[in-house]
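*Asks:* Take this structure first; my questions come after.
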Amino acid sequence: MHVRFFALLILGSSTLLATAQDGMQMDHSQHMNMEMGDSLVWRMPPMDMSMPMLPDLMDDVPIVGPMLPGFGMDLSMFAEARPSEIIDMADGDTLHMDASLVRRTIAGQEYVMMAYGGMYPGPLIRADRDAKVIVVFTNNIEMPTTVHWHGLRLDNAFDGVPGVTQDPVLTGESFTYELKFPDTGMYWYHPHMREDVQQDLGLYGNMLVDPLEDGFYSPANREVPLVLDDILIDANGLVPFGDSATTHALMGRFGNVMMLNGVTDYNLDVEKGEVVRFYLTNVANTRTFNLVFGGAKIKILAGDVSKYEREQFVESVVVAPAERYIVDVYFEESGTYEITNSIQAINHFRGIFVPETHNLGTVTVSENSIESSLTDAFLNARENQDIQQELDAYRQYFDKAPDHTLRLSVRVNNLPLSIMRMMEIDTLYVPPMEWNDAMPMMNWLSSGEQVSWLLVEDETGREGMDIDWQWKVGDVVKIRIFNDPKSFHPMNHPFHIHGQRYLVTHMDGVPNPNMAWKDTAIVPVGSTMDILVDVSNPGVWMAHCHIAEHLHAGMMLSFTVTE
Amino acid sequence: MSRFILPVAVLILISSAGWTTDHSPDSGSDPVCEVIPIGPDYYQIDLVTTRKVSGARLAKGFGDVTYAHSPFGVAISPTGTYVYDISVQMSNVTLAEGKSLAAWVTTPQLDSIKSLGRLDEDMRVRGQTDWNKFLLVITLEPDSGPLPETWSGPIVSRGMSRSGLMHTMAGHGPFETEPCAVFGY
């Protein structure tokens, strides 16, 4: 099924001269062959940047072969995926769920994609805190896979890491996961094998863990899960992935089509004055979103694994890959509120920041006012004394010396010479965050075979999986993470730790005045982030960057927790 | 075209002045973690004296850039710009009676100016900006009364945000044949 055909189409130099269109836009579509018979070949990814290409790169394709699950197969063979459903699960319940190829329609075009339980996103598993449930998972995609239950402090054997906690689940095989939910909040599940492909094609779903206490959160009129994603599509369909390794290893695979809950035309109808609780999850491979709700007031309640010490009003919500946030949004007036991703992209060629606004969806507010107004409760930013008291036990450690340090860096080899030179020229300024694919051709050409993303422990000289941290349950471990701005290609990294929870105590030496327990947090370029890990869960666990392509380019380590 | 000459000139001046970026993160060997709110070295703004002001011809200074508090770690405005706290520290300055230093931020085009406030007795002041590219300017001002909307005194020192080093590639390097005018330069 996976046709792995690698073709180079060398165009004559006469076609290589880029020509300006409308003064700014460059059309590169003539540079690559689109298809070669029934074989899958590389074609250049869509570029919407107003920059010319490096002449040396115009003929280049990634050194890995192209791969696209379901390529060439009849779409009608596949069941049409359906929108996500909520699966309420009581303690002891069992869910049978598979991963399979499905037919998806995105912006009116049909594609072969993947789905858990035939749904996009996958089924939303809803359970009470402290419940334990069983998921019998069957792999019906034609790639080995596993399921990682992101953010859960569950038993190590069910963490879903191939080669560490389990063997890969091969096609047609099953694996039984036992989940437990010790922490209230929103979590998610996704593959931990080639997630650059499988997650990007739709393998993701949420787990919503309800509190046992009344009034755990401030009141809201309704609850809405919102899954943020993007996908890379051109006129010929999905842009192929790398077969033996990822493409886009430098910056990760940014999509050019944005989706909320798997659709491009998301709409929510609410009544005037409603307070809507959004459970946000970013499942994109690499894109960090800056979410704005059309000027509606936003109050943040909770991060990945807990509430914040105090509720806080914000004007936008910054969500890095794998992060979750729970926010209340107050729709005070009737009308239309656009949900947007509002960023300042960078145009390296022109040397400028470029405001970009991606419309993700719409909230339509009717003229009818909500019967049970929660305005007063919304406008009151609550102190969460329960979490404050819980954190009191950890405050003595906030200023302790780091137990470990990590430096985030990158090593490259065998990249095209012009990319190497261009990166040197372009590194006079590196932004703290990459909000867009500012160098789409160079990024696409960089594969996981040429790029090694590094977690470096300078004290020992160890890197990545050679790092060997040994902790005991009950330890409170401080890690200082420094994102080296002088590496070959610095980039922000969402740092994820499996099976434990942590606090971000300092950013660049500045104490964090309002904490929540996290499992993933952004380390911007140049910054030093101090985290305090509550070591509570025995086993062999992973920590890694949650940009899918960086993970597969080696940006990971494992640590052992003993009883 | 001419409106770009000034910022480019300032950029070149600052580039030639160099940047102090060679600090490394704490090693972790200290028994107690030092909690000093200093921004990433990489984005620190070196302030370069104009040598025009008596008592400040040998002035030194820098602006530390950290993120304003945000529950997301990185502080971002609704339009996507970074929201920075800027901590200014000056030294080697002897002020005449009735004079003070004030800090300002301005866009590279100098078309918008905001005050960060007067420096205190320790030659420090802290303010905030949500501009992605900006100049940090220290001026000599009267030591009393409200600060005007823009500076009135001479410039003592100035520096540019690290992002100021990012400039067009049109007409340069591998794109030297690209016509600058097509890209607005």
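*Asks:* Which ones in segment A:509-556 are in contact with a His (Cβ under 8 Å, 6 or more places away or on another chain) and among the aromatic types (Phe, Trp, Tyr)?
*Replies:* The answer is A:Trp541, and nothing else.
*Asks:* Would you say A:Ser446 is among the polar types (S, T, N, Q), touching a strand residue (DSSP E or B) at 6+ places or on another chain (Cβ under 9 Å) and closer than 26 Å to A:His348 by Cβ?
*Replies:* Here the answer is yes, as A:Ser446 does meet what is asked.
*Asks:* Filter the strands (runs of 3 or more DSSP E) completely within segment A:405-486 down to those with at least 2 residues that are surrounded by 21 or more Cβ atoms within 10 Å (Cβ to Cβ) and not hydroxyl-bearing (Ser, Thr, Tyr).
*Replies:* Per the criteria, A:451-457, A:476-483.
*Asks:* For segment B:88-99, which residues satisfy the criterion of being part of a strand (DSSP E or B) and surrounded by fewer than 19 Cβ atoms within 10 Å (Cβ to Cβ)?
*Replies:* Initially, segment B:88-99 is screened for residues part of a strand (DSSP E or B), giving B:88-91, B:99.
B:Gln89, B:Ser91, B:Lys99, listed by residue number.
*Asks:* Can you name the residue in segment A:363-386 that is surrounded by 17 or more Cβ atoms within 10 Å (Cβ to Cβ) and assigned to a strand (DSSP E or B) and is also nearest to the chain's Cα centre (by Cα) among such residues?
*Replies:* Step by step, filter segment A:363-386, then rank; the result is A:Val363.
*Asks:* Something else: If A:Ala401 meets every condition in (1) within 12 Å of chain B (Cβ to nearest Cβ); (2) at pLDDT 95 or above; (3) closer than 17 Å to A:His489 by Cα apart from one, which number is that one?
*Replies:* (3)
*Asks:* Also, I was wondering about something else. So B:Ser70 passes all but one of these: (1) assigned to a loop (DSSP other than H, G, I, E, B); (2) within 13 Å of chain A (Cβ to nearest Cβ); (3) modelled with pLDDT under 95. Which condition number does it fail?
*Replies:* The failed condition is (3).
*Asks:* Restricting segment A:120-176 to residues that are touching a Ser or Thr at 6+ places or on another chain (Cβ under 7 Å) and of a type in the set (Lys, Arg), which is surrounded by the fewest Cβ atoms within 10 Å (Cβ to Cβ)?
*Replies:* A:Arg129
*Asks:* How many residues are closer than 23 Å to A:Glu309 by Cβ and outside any loop (DSSP other than H, G, I, E, B) when one looks only at segment A:487-544?
*Replies:* 25
*Asks:* Looking only at segment A:420-464, which residues are of a type in the set (D, E, K, R) and closer than 30 Å to A:Val317 by Cα?
*Replies:* A:Asp426, A:Glu434, A:Asp437
*Asks:* Out of segment A:35-55, which residues are crowded, with 20+ Cβ neighbours inside 10 Å, at pLDDT below 80 and touching a Lys or Arg at 6+ places or on another chain (Cβ under 8 Å)?
*Replies:* A:Met51
*Asks:* If you scan segment A:109-164, which residues turn out to be touching a residue at least 40 places away in the same chain (Cβ under 8 Å) and charged (D, E, K, R)?
*Replies:* Step one: filter segment A:109-164 for residues touching a residue at least 40 places away in the same chain (Cβ under 8 Å), giving A:109, A:111-117, A:119-157, A:159, A:161, A:164.
Selection gives A:Arg126, A:Asp128, A:Arg129, A:Asp130, A:Lys132, A:Glu142, A:Arg153, A:Asp155, A:Asp159.
The values are calculated or read from the model by the stated rules, or taken from the named source; none is laboratory data. Note that the coordinates shown come from a computational prediction; the quantities given were computed from them, not determined experimentally. All Cβ positions, even for glycine, are placed from backbone atoms using ideal geometry, and neighbour counts span all protein chains on display.
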